[in-house]
Amino acid sequence: MPLIRPRLTDYHGIATSQAELDFAIPFLDEDIPLHVDPFLIWRSPSLQDNALHTQIVQAFNSIGRLQEVSADRAENLLISISECDEVGLGSSHTRTGKRMGRGKAKEILSIFTTIPEYRSEGFAHFEEIQFYVDGIGPDRISDICCNFVKSFLIDYTIDQCQKLGIPTTVSKIGVYNYKVSQVESEAVSLPYNPENQQPIIFVPKRWLRYRPFINFDDYYRSFESPEDKKPERAAVLSFNRHNYGVVKTFVAEKERERSQCANDPLFTQIPITSARASLKAIKSIPSGAHDSNDKKYEKEVGKMLASLLYPQLDFAKDQSRTEDGVLIRDLIFYNTRSNVMLKDLWDSYGSRQLVFELKNVKEVGRDHINQLNRYLSDNLGRFGILMTRNELKPTMMRNTTQLWSGQRRCIITITDADLELMVELFDGKQRDPIDVVNKKYVEFMRACPS
Amino acid sequence: MPVLKNEADVESFLKLEVQLKSTRKEMAELSKKKPNDVVNKFKLGHLNLMLRTANEFLREHLPLEGFEEFDEAVIPSNSDVVFVLAQYTDAIYRFRETNTHFVEHDNYWKLSNGVAKVKSGTNHNFKYRD
């Protein structure tokens with residue numbers, strides 16, 4: 001059964017939610033849209049992290065020194081550490097990135113020769129290269145950083161795999177050896193992507209941000225030009241090469257603001273006020289497709305549900321499909337088996353992912369139930385949820401219980417009233433909003449013939 | 001045939017009676033402010049323990065037909081709990097009335113072991129009051 005937006009843990013049937021794990025769960029076919037920020041490693045309260053940061057900057061500075069001996073070797077080394085596909089961070093849809101070109105490597109290495117302070121003292125935060133070289137983004141900083149600490153990350157990954165029981169296989173990967181300043185091939189036991197057998201390395205969540213704390217955009221915003229209008233990006237980069245003091249002041253200011261630097265979560269719940277506003281908006285949307293009401297309903301429910309069901313269910317994807325000429329939208333969640341009901345759904349219905357089909361209709365008809373039923377048979381186990389406006393009519397309820405009796409398929413409905421109760425629970429914090437799904441499931445099972 | 005067997009049974013009944021009344025009072029306060037707020041699993045667990053003990057005393061005289069304890073799955077609210085506790089405190093009071101008798105100058109518990117020396121106090125003093 002193919003999973004939708006598969007993650008490594010779900011693929012291996014390891015049902016642990018993202019909130020419970022120390023590392024960001026890698027997707028099998030795309031990158032996690034976050035990056036390792038070396039500044040987070042520098043400001044971490046963990047001495048181990050601080051030592052790793054020291055290792056990162058020393059390794060980077062050693063490349064600067066290496067070019068004095070052999071420019072070719074330094075360039076090759078910088079190119080080889082400029083991409084780290086094993087960690088799967090960034091914005092790629094294929095989990096593979098491109099290494100930097102020789103020209104870019106030369107440009108970076110020239111910083112060591114053209115700016116005397118770097119030549120004599122080296123970098124304290126190597127992400128400062130963004131201020132001198134165009135095209136150095138968060139992904140490049142992150143990949144260089146990961147390559148320098150790859151040895152640590154491999155040990156970390158093996159440790160996490162042993163804890164969770166994730167299968168590993170021996171893979172040959174390039175690991176930076178800072179004693180000899182070169183990348184060496186090593187055979188290590190790592191988890192692998194079952195789709196292409198490529199090795200995977202985990203990264204602690206505490207190191208991840210959307211963009212580095214020291215970044216060019218912030219610098220550019222604070223850049224005070226002697227002229228009236230702000231110069232072009234390229235002009236600023238050139239200016240920086242001749243005015244190291246400006247960069248130094250900016251970085252010193254960032255260091256002072258280190259308490260504001262925090263990792264970005266992989267998922268952020270909407271605040272209670274937004275949940276209430278969304279509920280109010282949903283209740284005011286008339287049923288039907290007139291005036292794009294169905295799209296408005298889908299948008300609001302989609303926004304709310306991922307937050308209401310977190311952290312028991314991790315949101316996977318919202319997707320659309322066309323059936324009988326009708327566009328159908330649904331929300332897919334990973335089943336993390338984090339409570340008794342979710343375990344039951346996994347065991348009894350084979351639901352490794354849960355589907356919530358959105359129907360902005362006044363009355364659910366036989367066709368709607370059949371559409372979801374057909375969809376379940378294709379992909380998603382034998383349990384589905386219809387998000388709709390009102391309770392099912394007795395005849396339709398009978399239809400769903402008959403589906404259970406005949407084919408052991410379970411389709412439950414969540415209505416506006418249930419959504420309201422979920423928001424109440426989200427607000428009151430006395431129970432989890434997912435308990436409403438459990439309530440509906442229990443009510444459905446009681447309505448089924450024994 | 002008296003339900004209470006001995007002094008130990010009387011002790012556990014008195015403990016239950018106090019617990020039910022104080023819980024009803026607490027829950028009534030909560031319910032006045034937020035009747036539709038749901039009750040968390042911790043409170044429900046303790047409420048169910050109390051109700052199970054009460055059911056052992058009340059046996060075939062349960063106050064609500066078909067109800068024995070709260071189902072966590074149905075997410076009861078504060079007002080649901082107050083409604084049930086009101087029935088139970090009344091039933092427990094009726095239990096006290098039927099299981100005590102007046103002998104000479106005092107009320108005593110009716111015990112199945114035949115010893116009739118355990119004073120029960122005046123019944124109406126034990127009635128729940130808001």
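Summary table below
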{"quantity": "Selection within the range A:36-77 - touching a residue at least 40 places away in the same chain (Cβ under 8 Å) and aliphatic (A, V, I, L, M)", "calculated": "A:V36, A:L40, A:I41, A:L52, A:I56, A:V57, A:A59, A:I63, A:L66, A:L77"}
{"quantity": "Test: residue in the range A:397-411 that is touching a Leu at 6+ places or on another chain (Cβ under 7 Å), within 12 Å of another protein chain (Cβ to nearest Cβ) and of a type outside the set (F, W, Y)", "calculated": "no"}
{"quantity": "Lone unmet requirement of (1) out of contact with any Lys or Arg (no Cβ under 6 Å at 6 or more places or on another chain); (2) within 14 Å of another protein chain (Cβ to nearest Cβ); (3) under 29 Å from A:D10 (Cβ atoms); (4) at pLDDT 90 or above for A:K429", "calculated": "(4)"}
{"quantity": "Test result for A:N438, of a type in the set (S, T, N, Q), open to solvent by 20 Å² or more (accessible area, probe 1.4 Å) and assigned to a helix (DSSP H, G or I)", "calculated": "yes"}
{"quantity": "Of the criteria (1) within 28 Å of A:N339 (Cβ to Cβ); (2) of a type outside the set (G, A, S); (3) modelled with pLDDT of 95 or more, which one B:Y88 fails", "calculated": "(1)"}
{"quantity": "Boolean, A:T388 is open to solvent by less than 10 Å² (accessible area, probe 1.4 Å) and either within 14 Å of chain B (Cβ to nearest Cβ) or more than 27 Å from the chain's Cα centre (by Cα) (or both)", "calculated": "yes"}
{"quantity": "Residue within the range B:33-45 that is away from chain A (no Cβ under 14 Å) and either farther than 30 Å from B:N113 by Cβ or of a type outside the set (D, E, K, R) (or both) present", "calculated": "no"}
{"quantity": "Unique match (being in contact with a helix residue (DSSP H, G or I) (Cβ under 8 Å, 6 or more places away or on another chain), over 26 Å from A:D85 (Cα atoms), touching a residue at least 24 places away in the same chain (Cβ under 8 Å) and polar (S, T, N, Q)) among A:N193, A:N240, A:N215, A:N263", "calculated": "A:N240"}
{"quantity": "Condition met for B:K15 (farther than 29 Å from A:I434 by Cα, in contact (Cβ under 8 Å) with a residue 60 or more places away in the chain, more than 14 Å from chain A (Cβ to nearest Cβ) and open to solvent by 30 Å² or more (accessible area, probe 1.4 Å))", "calculated": "no"}
{"quantity": "Number of positions in the range B:46-78 that are among the hydrophobic types (A, V, I, L, M, F, W, C), assigned to a helix (DSSP H, G or I) and at the interface with another protein chain (Cβ under 10 Å from one of its Cβ atoms)", "calculated": "2"}
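The values are calculated or read from the model by the stated rules, or taken from the named source; none is laboratory data. Because the structure is predicted, anything quoted here is derived from the model rather than measured. In this analysis, Cβ positions are derived from the backbone assuming ideal geometry, glycine residues included, and neighbour counts consider all displayed protein chains. For accessibility, only protein heavy atoms count, side chains too; no ligands or nucleic acids. Shrake-Rupley method; radii C 1.70, N 1.55, O 1.52, S 1.80 Å.
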